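Every number here is computed from the coordinates shown, using simple stated rules; none is lab data. Note that the coordinates shown come from a computational prediction; the quantities given were computed from them, not determined experimentally.
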Amino acid sequence: MMSSMIPSLTAFLFVVLMIPVALWLMRRGQALRGAGAGSLSMVAGLNVGPRERIAVVRAADRYLVVGITGQSMTLLATLDEWPQAEGAQAPAGAAFATLLNRFHPNADKGV
């Protein structure tokens, strides 16, 4: 009975010992692949659905606006430079605080 388990046990131990080797090879492959990707980075992203999002990717000196779904990526726009936030809106919390202060001037003082 014991002699029939030896090949199975040997195969099991071989598989268990190969797991760290496979992880090392995966890390090494990612490090080699990632070395050339320095000019590509994700700048911003917005989820618009459960599996859909819009992302801004910086590629060298251009910004690419892409739509990403579970099945594809679509280029939506190309920007030569990142737009400045001159007319950017305040966060919703700040807008609410401003509205609250307009109706109750002592609201920020805890009165």
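Couple of notes before you dig in:
- Distant-in-sequence amide contacts of Gly45, defined by a placed amide H-H separation under 5 Å and a gap of 5 or more residues or a different chain, comprise Val56.
- Note: relative contact order over region 2-81, using C-alpha pairs below 8 Å and six or more positions apart, is 16 percent.
- Whole-Hz couplings from phi, Karplus 6.51/-1.76/1.60, listed for region 60-66; x for Gly and Pro: 6, 10, 10, 10, 10, 9, 10
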